[in-house]
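This report refers to the structure that appears directly beneath it.
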Amino acid sequence: MIWSCFCLLLCVHCDIQAAVRMLSAPEQVHLSYAGVPGSMVVTWTTFNKTESTVEYGLLGGRMFELIAKGSSTLFVDSGKEKRKMFIHRVTIIGLKPAATYVYHCGSDEGWSDVFSFTALNDSSSFSPRFALYGDLGNENPQSLSRLQKDTQMGMYDVILHIGKDFCHHLPGGLLIGDEFMRQIQSIAAYVPYMTCPGNHESAYNFSNYRNRFSMPGQTESLWYSWDLGSAHIISFSTEVYFFLEFGLELIFKQYEWLKKDLEEANRPENRAVRPWIITMGHRPMYCSDDDQDDCTKFHSFVRKPPAPGLEDLFYRYGVDLELWAHEHTYERLWPVYGDKVYNGSADQPYVNPKAPVHIITGSAGCRERTDRFQPNPKAWSAFRSTDYGYSRMHIINASHIYLEQVSDDQHGKVIDSIWVVKEKHGFSSWL
């Protein structure tokens with residue numbers, strides 16, 4: 001009898017230890033660029049408070065010979081369950097450009113799996129390769145396995161996730177967010193995963209999004225900018241135009257930040273080094289989907305006043321390429337401004353275009369499936385597809401960018417591609 005009780009207590013003790021280890025084990029590991037040359041941020045989650053440590057080393061060298069320390073913050077979800085988690089952030093600095101590092105994160109109470117990443121090259125002559133998409137969700141993540149394989153093959157330097165379905169706004173949003181972050185770990189733990197907020201992140205004033213991600217700057221990842229290769233990349237929130245209950249002032253605060261950032265990027269000495277200006281935001285200015293979304297209307301909130309719309313601002317400061325999602329389709333536009341087409345020429349519309357180029361890439365796969373198109377689109381619509389898929393972008397140099405669309409439905413076939421070629425950048429290039 002005594003022996004039986006002892007064995008039972010031992011089993012209970014072992015179960016408690018196992019539960020503690022599980023709560024202390026890092027999960028949802030993802031990378032982001034800190035915006036400073038030679039840097040990378042590692043972010044992860046535990047459900048117990050532990051130390052925040054990354055051990056790392058050069059591939060082929062002594063494993064884990066270097067150590068970086070960070071900190072964690074307690075995040076309490078505002079839902080009924082008030083679930084608690086600790087979000088850990090460690091910034092690694094002093095990385096050698098283009099060098100590959102092996103790392104794991106956590107503490108002596110629990111370590112993650114071993115991952116690797118290649119430090120970004122901070123040279124303006126670097127030719128970075130991107131995967132870009134929006135609306136990839138926890139349910140029906142159609143393109144995820146193909147993106148995982150692409151990442152394992154070393155096809156991308158950076159991932160751009162252009163909003164939506166990180167943390168769904170239905171009941172159970174935090175649990176869905178946990179599962180989604182676990183899913184993307186197979187990509188995001190290896191390649192910087194740069195984001196912008198979408199409409200499904202809106203619950204409790206975007207608290208899940210603001211707490212889970214670690215983008216550059218001091219704006220809780222809502223809007224920020226960074227440089228890579230010959231491009232200045234700006235991420236912003238279209239959601240400030242739609243969730244006014246969180247503060248009308250956010251529209252003006254973001255607008256002033258965008259204006260200041262664009263002014264700085266257009267200083268002659270800056271534009272000479274990073275001539276491409278690329279933006280990414282969730283809800284498009286234009287689209288031809290058959291769903292009555294904001295982008296189907298001439299007076300789109302994102303484009304036009306009475307709120308300080310962004311089309312004139314982006315045009316005035318010579319934004320070259322605008323990346324969008326939200327519509328569960330792929331659509332490429334001719335160069336467009338003010339609802340009118342401004343092709344470079346009849347034969348070569350994307351060679352020295354006279355207005356920004358727009359790409360909508362929101363068909364990666366989510367619970368709402370793909371959308372339908374209007375049968376008769378406006379003149380600015382150049383190519384459309386309802387296939388599940390995602391986009392790729394390669395910034396070749398100061399004058400050439402290559403973009404293509406991959407169809408997951410057609411087993412990875414490239415169904416659309418363009419070269420954007422510009423001999424001159426800035427507002428004067430439109431004239």
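Helix-derived [θ] at 222 nm for the chain: sum -39500 (n - 2.57) over DSSP H runs of at least 4, divide by residue count, nearest 500?
-6500 deg cm²/dmol
Would you indicate which of [x] 166; [y] 233; [z] 156 is the value of volume of the Cα convex hull per residue in Å³ derived from the coordinates of this structure?
Answer label, from the structure shown: [z].
Can you list residues whose amide H is under 5 Å from Asp339's amide H, if they're 5+ apart or on another chain and H is modeled 1.01 Å from N?
none
Where Lys and Arg each count +1 and Asp and Glu each count -1, what net charge lies around Gly229 among other residues with Cβ under 11 Å from its Cβ?
Local charge sum for Gly229: -1.
In square angstrom, rounded to the nearest 10, how much accessible surface does Asp339 have for a 1.4 Å probe?
Surface open to solvent at Asp339 totals about 40 Å².
What number, in percent, do you get for the relative contact order of segment 268-425 if the mean sequence gap of Cα pairs under 8 Å and at least 6 apart is divided by its residue count?
21 percent
May I ask for the net charge around Gly38, where only other residues with Cβ less than 15 Å from the Cβ of Gly38 are counted and Lys, Arg are +1 while Asp, Glu are -1?
-2
Which residue, Asp157, Asp293, Asp135, has the most motion in a Gaussian network model of the chain that connects Cα atoms within less than 10 Å?
With Cα springs under 10 Å in the chain, the top fluctuation among Asp157, Asp293, Asp135 is at Asp293.
Top mean-square fluctuation among Glu311, Glu109, Glu327, Gaussian network model of the chain, C-alpha springs under 10 Å?
Glu109
Sorting Glu423, Glu65 by accessible area (1.4 Å probe), largest first, what list results?
Glu423, Glu65
Note down the net charge around Gln152, summing +1 for each Lys or Arg and -1 for each Asp or Glu among other residues with Cβ under 15 Å from its Cβ.
Here the count lands on 0.
Whole-Hz ³J(HN,Hα) for each residue in segment 68-73, computed from phi via Karplus 6.51 cos²θ - 1.76 cosθ + 1.60 with θ = phi - 60°, x for glycine and proline: what do you get?
10, 10, x, 8, 10, 10
³J(HN,Hα) across segment 376-384 via Karplus (A = 6.51, B = -1.76, C = 1.60, θ = phi - 60°), whole Hz, x for Gly/Pro?
10, x, 6, 5, 6, 7, 9, 8, 9
Dipole magnitude of the chain about its Cα centre, charges +1 at Lys/Arg Cβ and -1 at Asp/Glu Cβ only, in debye to the nearest 20?
That gives a dipole near 500 debye.
Once all Cα-Cα distances of segment 370-431 are split into 10 Å bins that start at 0, what whole-number percent is in each one?
With 10 Å bins starting at 0, P(r) equals 18, 35, 32, 14, 0.
Can you work out D for segment 336-400 in µm² s⁻¹ from Stokes-Einstein, where Rh is the Kirkwood radius over C-alpha pairs, the temperature is 25 °C and the viscosity is 0.890 mPa s?
Result for D is 173 µm²/s.
Mind listing the phi-derived Karplus ³J(HN,Hα) values for segment 291-296, rounded to whole Hz, using 6.51, -1.76 and 1.60 with θ = phi - 60°, and x for any glycine or proline?
Along segment 291-296, the couplings run 9, 6, 5, 3, 6, 7 Hz.
The values are calculated or read from the model by the stated rules, or taken from the named source; none is laboratory data. Just so you know, these numbers come straight off a predicted model, no measurement behind them. Don't worry about glycine lacking a Cβ; one is built from the backbone with ideal geometry, like all the others, and counts go over all protein chains shown. With ligands, DNA and RNA removed, areas are computed over all heavy atoms of the protein, side chains included. Shrake-Rupley method; radii C 1.70, N 1.55, O 1.52, S 1.80 Å.
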